[in-house]
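The values are calculated or read from the model by the stated rules, or taken from the named source; none is laboratory data. Values in this document were obtained by computation on a predicted structure and should not be read as measured data. When we count neighbours, we look across all protein chains shown, and the Cβ atoms used for this are built from the backbone with ideal geometry, even at glycine. The protein model used for the area step is the full one, side chains on, heavy atoms only, and it has no ligands, DNA or RNA in it. Shrake-Rupley method; radii C 1.70, N 1.55, O 1.52, S 1.80 Å.
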Amino acid sequence: GVVEQDTLAAFIDEGHMARHVRKTRAVYGARLQALLDGIRRDLDHWLQPMPSAAGLHVAALAKMPIDMETVAARALELDVGVYPLRPYYARGRAAPGLVFGYGAIDEHDIREGLSRLRRALR
């Protein structure tokens, strides 16, 4: 309604929206960096992260033949939510890999999750 539109306009005009965007960029940027650093440091033997320009997910391709559905199931047993890359392919042969979301998890939990994922990959 009109009240909501006026409230949003005031939020934007007073600079609150710009501050919110800057803050969320910093938070998500730090989470993304923690995730990429952790994959490269702790999971380099198994996974290669793919460049990502947008979104709150990162894909990583397997460096060797691995059943990622089994890895994802093992990870879930360890309370880690990662997803096989295969269902995201529209056509063609899917490369084995995993999808990592980082929008709703803080940096400390990212490090802990990657440590658990390493156990699932072994």
Projected-area average for the chain over all orientations - Cα convex hull basis, square nanometres: 10.0
Principal-axis tilt of helix 68-77 within the chain, Cα atoms, nearest 10 degrees: 70
Protein accessible area in the chain, 1.4 Å probe - carbon and sulfur %: 56
Ordering of 16-28, 59-71 by packing [mean C-beta count within 10 Å, highest first]: 59-71, 16-28
Proportion of all alpha-carbon pairs of region 1-44 beyond 14 Å (%): 64
The chain: relative contact order as a whole-number percent, Cα under 8 Å and 6+ apart: 27
Spin-label pair residue 23/residue 50, simplified geometry with 7 Å Cα→Cβ offset, distance in nm: 3.3
For region 27-67: accessible area per residue (Å², 1.4 Å): 56
Surface accessible to a 1.4 Å probe, per residue, for the residues of region 69-108, Å²: 66
Semi-axes of the equivalent ellipsoid for region 17-76, Cα gyration tensor, largest first, Å: 28, 12, 10
